Amino acid sequence: MTSRQINSTRQSFLDKNLFLSVFLAILLLLLAVSPAFPTRAPAEDKITPPESFFGFQLGADRKIARWDKIVDYFTLLEKESPRLKVVNLGPTTMGQPFLLVIISSPDNLANLERIKEINQKITDPRQVPAEEIPELISQGKAIICQSMSLHATEIGGTQMAPELAYDLLSRNDQETKRILDNVVFLLIPSFNPDGQIMVVDWYNQTLGTEYEGAPLPYLYHKYAGHDNNRDGDFLNLQESIYAARILYQEWKPQAYVDHHHMGSYGPRLYIPPYCDPIRPYADPLLWRELSWFGSHMAYRLEEAGKTGIINDAMFPGWGHFGWHWITPFHNIVGMLTESASAQLATPIFIHPDQLRAESLQFPAYEAQSNFPHPWEGGWWRLRDIVEQQKISAWAVLDLAARHRETLLYNAYLKALRQSERGATEKPRAYVIPAEQNDRLTAIKMINTLLQSGLEIHRASTELKAGSVIYPAGSFLISLAQPKRGLIRNLLGRTLYPDNYWTRSRDGRPFRPYDLATHTMAEFMGVRVDPLDELPEAGLEIITTPLKPAGQVRAGPAGYRLDGRLNDSFRAVSLLLDGKVQVLRADKNTDELQTGDFIVTEAAERTLHSIAEKTGVDFLPLTSLPAEGLHKVRRLRVGLYQRYYGGNMEEGWTRLLLEKFELPHLTIKDADIKSGQLAKKIDLLILPHDSTAMIMGEIRESSRRFASYPPEYRSGLGQDGLEKLKDFVNRGGILVCLGAAGNFAIEKFRLSLRNVVAEVDSREFFCPGSTLKAVFDNLNPLAYGLPEKGLVLFSDSPVFEILPAPNSEKYRVVVRYEEKELLQSGWLIGEQYLSKKAAVVEAAYGQGQVILIGLRAHHRAQTHGTFKLLFNTFIR
């Protein structure tokens, strides 16, 4: 669409609104001489107040409503009011109901499918004639989604949600009616119901004791804990799948707010906009909308007498790819609120001199333009949090209702402009070749992108791009679509800014809020090629997730499984469960690659079942080599689990092992200290963690850790360390992931050093970046990997083998390339990594210590290096 067409469309839109404005002015004049609207619903439509249902005011001291009762309350509201509809999207990870509560006028609720249809056209107008847009906008409704308490210890949002819903159902004033008539409100009362129940039960257990208000001692999500907010891109968690369905596919709201808590000793509430730096490729209009919504929230909070409100500080526009930070690249105004925390429902007293700042664009705790009215200290309660979050949530709905047409027009404009940029700027598309090191992982990536609402085509013929010819079955993702910004960030090279906003005055780099890149293809080890021109090919659009069904074709010597496929390890594990013998190739032959798996005989029914389940092909093997094979063993695996809030890295590791059906046991301190570890397991995985946390060498003066009851204070201690050494010395295997490698170096006195351990950040800094590495894929620990590839570096030790009499006991499995290491992210001090080791194995007595310094399975996302972990116990 040309600029002239856009202006014509906008003028038509404004002309229509002029008529509506005159009509509304007359209506308001008539209302001014009629009786005022009642503030609550008539008696015959009586709505049960939350305090009557729960028996206390939500947010009251030392009271928390539990999820099962909250579900019951929303179920009751649905019966009592035609303004509310409850949708149970299905069970959570641990079987609780995941609710979407839709609030709007009865007429809107009766026409939700039509409203969705209109919104789909507005948010992707590529096939919609420009002259139809004004009419669609006039008929459409602003769609606003808000989610509560994603982090389950941040309890205010879920406690606020029933009260917010009650106000919308029971009030009949003009403001409320305007919201109901103009807005479809999608309320997620709890993003993490499982954790909500854990936290409430824990709080009630400790209530009245010296540990009242203590943090939960274990993860408040079965797998992810706090990291459930880092899954808006890969969608590994069940709750994420539900949220993606709401935000990315079915509803595509104009705005989304995620309500959180933060630390207790700074501002009382953070609201939009974000501060600098901002991540590239979002439509510029979106950053203006963030300021627009944030200003209205700030105004309403100030109007209500709330103090300590800050915006445009603390939280940058380049963050992780969790929900409020990824939605802007879906053209959704993705927002965050962060309330100062109490001790769960227990009030805390804060002295004025305890209040502090020292964060991005907030140098001191004093009045400034984005923090004009500081809070002066005193008691801080859960009720304070509930009230300020409710005001913020209401303000978002209020602005959307007042400016429905503008919001819808903005949604149209962002989608249109992003599609135009994608059609004219380079690259114009990305191709995912059919030929991959791990083709099944490439298909998983395609399916994940489909869940994100991207348009993807598959080539039915050869795909010709300049002088390059890609085989049929390759995938093409054009950038000429509304979510161009998302595509660029997930599939294209991304460099974190190194500028004024990202360094202190002395040149010290500020750590990004999460990783410095979230490039999905690089994490997954999937080859993606940018194309400056659209290729020639027969293309078919993919509308449903791909489910490859593996083939089973017998050969004279049996079957072979491609050792490059992550899913081959799942297939092998299932074969071993069925007592099927599996062999593995230790060298290349005419038919086999090093690392391939071999099955000489098995029931064909078993093979067909596993092939269908995993997508792995059982290919014909003509002849069995006379040498260069070994029988595969699946070692008995233990995964170390601690308290002190749990270790998210352990949770993600557990999820990964379960997804690939790789059996394991949870191992705790007592199991190690018993001295009987070898009776249970052959191999122990220590997830990424600090030496202090593994050992339990925590200062007793630490307020955070002293707040846990003694039975939840974990750590090996010296006794556990000696027992662990004995386990390895007698033939056990210790696998240390990420920073746990530092523990092994220090406590096992290995002849290694971490060359970046004490380096000043101005000299070396690499915060979550993809780097180029070389794999020794003739080493069994790297079987199935390519000779070169990308790895994720994040708080990773970098190993150097020290001169010692026993150097032959050490072998480097993966090392960084010599130069030009950075693919995506931010790297200062490349020379510290040049040709250094990223993965090392070391003999220790009769056993082995394996140090995987790179992030081989970070958040179950880095598929490209999963095999480094899998190979440690599928041998």
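Points to keep in mind about this one:
- Karplus-derived 3J(HN,Hα), 6.51/-1.76/1.60, for each residue of segment 178-187, Hz, glycine and proline x: 5, 4, 5, 6, 10, 10, 9, 9, 9, 9
- Shape category assigned to segment 475-568 from the gyration tensor of Cα positions, a/c cut at 1.5: oblate
- Rounded tilt (10° steps) of 404-424 against the dominant C-alpha axis of the chain: 40
- Per residue, the chain exposes an accessible area of 39 Å² to a 1.4 Å probe, with every protein chain left in place.
- Look at the alpha carbon pairs under 8 Å that are at least 6 residues apart: their mean separation over the length of segment 609-669 gives a relative contact order of 34 percent.
- Per-residue ellipticity at 222 nm, computed for the chain from helices alone with -39500 (n - 2.57) per DSSP H run of at least four residues, works out to -10000 deg cm²/dmol.
- Annotation note: trypsin sites (Lys or Arg not before Pro) in segment 757-828 located in DSSP loop regions with a Cβ neighbour count of at most 12 within 10 Å are Lys819.
- Taking a Cβ cut-off of under 13 Å around Pro625, the surrounding Lys, Arg, Asp and Glu residues balance to a net charge of -2, with basic ones at +1 and acidic ones at -1.
- Percent antiparallel among DSSP beta bridges (both partners in the chain, rounded to 5): 65
- For segment 647-662, Karplus couplings with θ = phi - 60° (6.51, -1.76, 1.60), whole Hz, Gly/Pro x: 10, 4, 4, 5, x, 5, 4, 4, 4, 4, 4, 5, 4, 9, 6, 10
- In a DSSP loop and with at most 12 other Cβ atoms within 10 Å, the GluC sites (Glu not before Pro) in segment 151-237 are Glu210.
- Which of Ser81, Asn172, Tyr430, positive extreme of dipole for the chain (C-beta unit charges): Tyr430
- Its Cα centre serving as origin, the chain has a Cβ charge dipole (Lys and Arg +1, Asp and Glu -1) of approximately 880 debye.
- Helix axis angle, 439-451 relative to the chain longest principal axis, alpha carbon, degrees: 10
- Taking Cα centre as origin and charging only the Cβ of basic (Lys, Arg, +1) and acidic (Asp, Glu, -1) residues, the dipole magnitude of segment 536-591 rounds to 320 debye.
- Heavy-atom SASA rank of Asp61, Asp514, Asp590, Asp532 (probe 1.4 Å, accessible area, largest first): Asp590, Asp532, Asp61, Asp514
- Residue pairs exceeding 24 angstrom between C-alpha atoms, taken from Lys836/Lys867; Lys631/Lys725; Lys444/Lys579; Lys725/Lys772; Lys426/Lys464: Lys631/Lys725; Lys444/Lys579; Lys725/Lys772.
- Measuring nothing but how far apart in sequence close Cα pairs (under 8 Å, 6+ apart) lie, relative to its length, segment 218-329 scores a relative contact order of 37 percent.
- Peptide packing: for 789-800, 104-115, the average count of neighbouring Cβ atoms within 10 Å per residue gives the ranking 789-800, 104-115, highest mean first.
- Environment charge at Thr123 (Cβ cut-off 10 Å; Lys +1, Arg +1, Asp -1, Glu -1): +3
- Placing +1 on the Cβ of every Lys and Arg and -1 on the Cβ of every Asp and Glu, with no other charges, gives segment 596-750 a dipole of roughly 520 debye about its Cα centre.
- Phe349 sits among other residues whose Cβ lies under 13 Å from its own Cβ, and their net charge, with Lys and Arg +1 and Asp and Glu -1, is -3.
- As a fraction of the 1.4 Å probe accessible area of the chain, surface on carbon and sulfur atoms comes out at 49 percent.
- Lys/Arg +1, Asp/Glu -1 at C-beta; segment 268-379 dipole; positive extreme among His324, Gly305, Gly378: His324
- Anchor Lys679: aspartates and glutamates whose Cα lies under 12 Å away (excluding residues fewer than 8 positions away in-chain): Asp671
- Most positive-pole-ward Cα, Gln205, Leu186, Ala459, against dipole of the chain from beta carbon charges: Ala459
- Each 10 Å bin, from zero up to the one with the longest distance, holds this percent of the alpha carbon pairs of the chain: 2, 11, 20, 24, 21, 13, 6, 2, 0, 0.
- Cleavage-rule hits (chymotrypsin sites (Phe, Trp or Tyr not before Pro)) in segment 484-537: DSSP loop, at most 16 neighbouring Cβ within 10 angstrom: Phe510
- Cross-link reach list, lysines versus Lys390, counting only Cα pairs under 21 Å and skipping chain neighbours closer than eight places: Lys63, Lys69, Lys85, Lys177, Lys306
- Remark: relative contact order (the chain) = 10 percent; criterion is Cα-Cα distance under 8 angstrom and separation of 6 or more residues.
- Once the Cα atoms are used to define both axes, helix 112-123 deviates from the longest principal axis of the chain by about 70 degrees.
- For segment 660-784: rounded, prolate or oblate by the Cα gyration tensor [a/c cutoff 1.5]: oblate
The values are calculated or read from the model by the stated rules, or taken from the named source; none is laboratory data. All values derive from a computational prediction rather than experimental measurement. Glycine also receives a Cβ, built like all others from the backbone with ideal geometry; neighbour counts cover every protein chain displayed. In case anyone asks, the SASA skips ligands and DNA or RNA and just uses the protein heavy atoms, side chains included. Shrake-Rupley method; radii C 1.70, N 1.55, O 1.52, S 1.80 Å.
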